[in-house]
Amino acid sequence: MRALRPVPSVRHHVVVVGGGFGGLQAVLKLRRARVQITLVDRRNFHLFQPLTYQVATGALSPGEIAYPLRAIFKRNRNVRVVLAEVADFDLGARELLLRTVADVPAPERLGYDTLIVAGGSHYSYFGHEEWRTHAAEVKSLESALAVRSRLLAAFEAAEAETNAEARDAWLTFVIVGAGATGVEIAGQIAELAHDTLRRDFRTIDPRRARILLVEAADRVLTSFPPSLSAKAERSLQRLGVTVLTDRSVIGIDAAGVTLNGRDGGADRIASRAVVWAAGVTASGLAGRLAELTGAERDPAGRVTVKSDLTLPGHAEVFAIGDMVRVRDANEETVVLPGVAPVAMQQGRYAARVVRARLRGRQHGAFRYRDKGNLATIGRAAAVADIKGLRLSGFLAWATWLLVHLWYLIGFQSRVLVLIRWSFSFATHGRGARLITGASTNSEQR
Ligand SMILES: Cc1cc2nc3c(=O)[nH]c(=O)nc-3n(C[C@H](O)[C@H](O)[C@H](O)COP(=O)(O)OP(=O)(O)OC[C@H]3O[C@@H](n4cnc5c(N)ncnc54)[C@H](O)[C@@H]3O)c2cc1C
C-alpha cells in the first residue's frame, strides 16, 4: 500500500489523531489558519460521550449524539478526514503508521509537520478483563447499544420467567462505580423501571426492580463537595436506587456480582444485568508515545506532557485530553479531571501554539480554567458545583440541560435532542427502547 502525503501544497501539514472532544477543537481552531489538516479517526463520527448513557437507557437515539466528521468539515477544503486506526508512530520520520478499519483501504503511512494526538481513554476492569463480558460499559456507541439491549432484554426475560428467584435476578440491576456516569445510569434505569415501563408488562411489575449502585469510596460523586454527594444520594434513594458505598466488587460472572462483605467475607448478588462505570485507563497511544520519547506514564496509563502539551524532545508532537497528565510551569505533574472541558481547552491551546509558531511567536504554558462540575440524577434532579456555587434540584438540572445542548455538535442534533427531552419530560416516555443486535434462530439459518 502507498503512503499518504499531504495534498500538494507548501502549507504546514497538521495531523490530528482522534475526532473526540480534544481533537475536534484542535481542528476547529486551526481550520482557518494557513495549514493543511488531516484528521484521522477509527470512527467516522464525533461522539458526544456525556450522553451515551441516555442511548443505553433508550432516552436518545445514536444519531442524536453522534455527528459525521466529514459533515462538520465539509466547507473546509483544507481539512481532510481519514477513516483509519493509528497503529504506531515513526517520530524520527515524522510519520504515522495506519491500520484499516471496516475494510476501508487506508494508507500505510501518513506524514506530518505537526502532530496532535487525542486518543482518549477506555474503561479498565482493574485487571479483570473477564468481567467485561458480563458488565458492559457505555463509553462507545457500540457498547451503549449493547447495554441498551441487555437492560431491555432483562425485563423481557423476567416477564417470561416462571421461577421467582430467576425472575428476581433478571430484575436486579447492578451499576459498578458511582462517579457521574454511574450515578446518571442508575437514575435512568430507576426511571425506566419505575416510570416508563410501569404499564408495559403483564406478568411482572417493573417497579419491583432493584437498582443497586456499588461504590468503593465512602460516598457517591467523590469529585463533588460532600454536601452535594449527600444530596445526590438522597435523590437517588427517592428514585428507588439502593446506594452501597464502601463496597468493592471482587467478582462478576454471568449469574451476578460478588462484593467484599462488611464482616470480611463476601456477599453475592444475583443479577443478570450489570453495568460497568468504574476506572478508566488511557488510550494505548499514550503508552506508545511514552515508550518512544521516554516520557513518564502514570498508573492510569497517561503520558506526561510538558507544560506546552508537547512530548519531551519532540516539540512538533502534542498529546492532549484524557490520555495525558501535564507538567505545570514549575515542572510539577498535575492530573486534571478526565472531562470534556479539559480536552477541549487543550485542543484549542495546541491549535493556538501551532498558529503562534507559524507566525514566529512564543506561547505561554497551558492553564486549565475550571468552569465547574455537573451531574444529573433524574427528572429535575441534578447537582452542580460552579466555581464554589453549589446548586441542586431543578436549577442544577436546567443548567445541566443547557450546557449539554450548547456543547452538542450540530444545530440539528441540538434541536432533535431538545424535542426528544421535552417530549420525554411531558410524557415520561423513552422513544428508543429497542433491543438491537439480537438475531433469531431462523435468521441464523
Ligand atoms: C459515559 C461517559 C460520560 C461522560 N460524561 C461526561 C460529562 O458529563 N461531562 C464531561 O465533561 N465529560 C464527560 N465524560 C468524559 C469525556 O467524554 C472525556 O473526558 C472526553 O471525551 C475526552 O476527550 P478526548 O478528546 O481526550 O477523547 P475522546 O473524546 O474519547 O476522543 C478520542 C477519539 O480518538 C479516536 N481514537 C482512539 N484511538 C484511536 C486510534 N488508535 N486511531 C484512530 N482514532 C483513535 C476515538 O475513536 C475517538 O473519536 C464522559 C465520558 C464517558 C465515557
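Which members of region 114-141 meet the condition of being within 11 Å of the ligand (Cβ to nearest atom) and over 30 Å from H13 (Cα atoms)?
Hits for region 114-141 are Y123, E137, V138, K139, L141.
Examine region 286-293 for a residue that is among the small types (G, A, S), within 15 Å of the ligand (Cβ to nearest atom) and in a strand (DSSP E or B), and state whether such a residue exists.
no
Can you name the condition, by its number, that V326 falls short on among (1) within 16 Å of the ligand (Cβ to nearest atom); (2) part of a helix (DSSP H, G or I); (3) not basic (K, R)?
It is condition (2) that V326 fails.
For the structure I just gave you, tell me whether R352 is farther than 26 Å from A398 by Cβ, in contact with a His (Cβ under 8 Å, 6 or more places away or on another chain) and more than 16 Å from the ligand (Cβ to nearest atom).
Yes: the conditions hold for R352.
Taking I211 as the residue in question, decide whether it is modelled with pLDDT of 95 or more, away from the ligand (no atom under 16 Å from the Cβ) and part of a loop (DSSP other than H, G, I, E, B).
Answer is no for this residue.
Among the residues of region 163-203 satisfying the criterion of being surrounded by fewer than 22 Cβ atoms within 10 Å (Cβ to Cβ) and aliphatic (A, V, I, L, M), which is nearest to P50 (Cα to Cα)?
L197
If T281 passes every condition in (1) over 29 Å from V183 (Cβ atoms); (2) of a type in the set (V, I, T); (3) surrounded by fewer than 23 Cβ atoms within 10 Å (Cβ to Cβ) but one, which one does it miss?
Single failed check for T281: (1).
Return the residue satisfying two criteria in turn: it lies in region 161-181 and is in contact with a helix residue (DSSP H, G or I) (Cβ under 9 Å, 6 or more places away or on another chain) and part of a helix (DSSP H, G or I), and of such residues it is farthest from A255 (Cα to Cα).
Here the residue is A180.
If the Cβ limit is 9 Å and pairs must be 6+ apart or interchain, which residue in region 87-112 that is in contact (Cβ under 8 Å) with a residue 40 or more places away in the chain and hydroxyl-bearing (S, T, Y) pairs with which residue that is more than 14 Å from the ligand (Cβ to nearest atom) and assigned to a strand (DSSP E or B)?
Close Cβ pairs (under 9 Å, with a partner that is more than 14 Å from the ligand (Cβ to nearest atom) and assigned to a strand (DSSP E or B)) amount to Y112/H13; Y112/V14; Y112/E95; Y112/E316; Y112/V317.
Step by step: first the residues of region 21-71, then only those that are of a type in the set (S, T, N, Q) and in a helix (DSSP H, G or I), then the one that is farthest from the ligand (Cβ to nearest atom). Which residue is that?
Within region 21-71, the match that is farthest from the ligand (Cβ to nearest atom) is Q54.
Among what's in region 189-208 and is farther than 17 Å from S271 by Cβ and either of a type in the set (S, T, N, Q) or within 16 Å of the ligand (Cβ to nearest atom) (or both), pick the residue that is farthest from the chain's Cα centre (by Cα).
T203
Residue by residue, here is whether (1) within 30 Å of A282 (Cα to Cα); (2) modelled with pLDDT of 95 or more; (3) not hydrophobic (A, V, I, L, M, F, W, C) holds:
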site	(1), (2), (3)
E130	yes, yes, yes
A144	yes, yes, no
E159	no, yes, yes
V176	yes, yes, no
E184	yes, yes, yes
P206	no, yes, yes
A216	yes, yes, no
P226	yes, yes, yes
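Could you grab me the full set of residues in region 92-106 that are more than 12 Å from the ligand (Cβ to nearest atom) and surrounded by fewer than 18 Cβ atoms within 10 Å (Cβ to Cβ)?
G92, A93, A102, D103, V104, P105
Filter region 370-427 for residues that are among the polar types (S, T, N, Q) and either within 13 Å of the ligand (Cβ to nearest atom) or surrounded by fewer than 13 Cβ atoms within 10 Å (Cβ to Cβ) (or both) and give the result.
N373, T376, T399, S422, T427
Please enumerate the residues belonging to region 141-156 that are farther than 28 Å from N44 by Cα, crowded, with 20+ Cβ neighbours inside 10 Å and of a type in the set (A, V, I, L, M).
Within region 141-156, just A154 meets the criteria.
Do you know which residues across region 365-388 are assigned to a strand (DSSP E or B) and of a type outside the set (G, A, S)?
N373, L374, T376, I377, V383, D385, I386
Find the residue count for region 1-53, including only residues that are at pLDDT 95 or above and in contact with a Pro (Cβ under 7 Å, 6 or more places away or on another chain).
Number satisfying all stated conditions: 4.
Looking at the structure I just gave you, is V249 more than 16 Å from the ligand (Cβ to nearest atom) and closer than 18 Å to V174 by Cβ?
yes
The values are calculated or read from the model by the stated rules, or taken from the named source; none is laboratory data. Bear in mind that the values here come from a model prediction, so they are computed numbers and not experimental data. Reconstructed Cβ throughout: ideal geometry from the backbone, glycine too, with neighbour counts over all protein chains shown.
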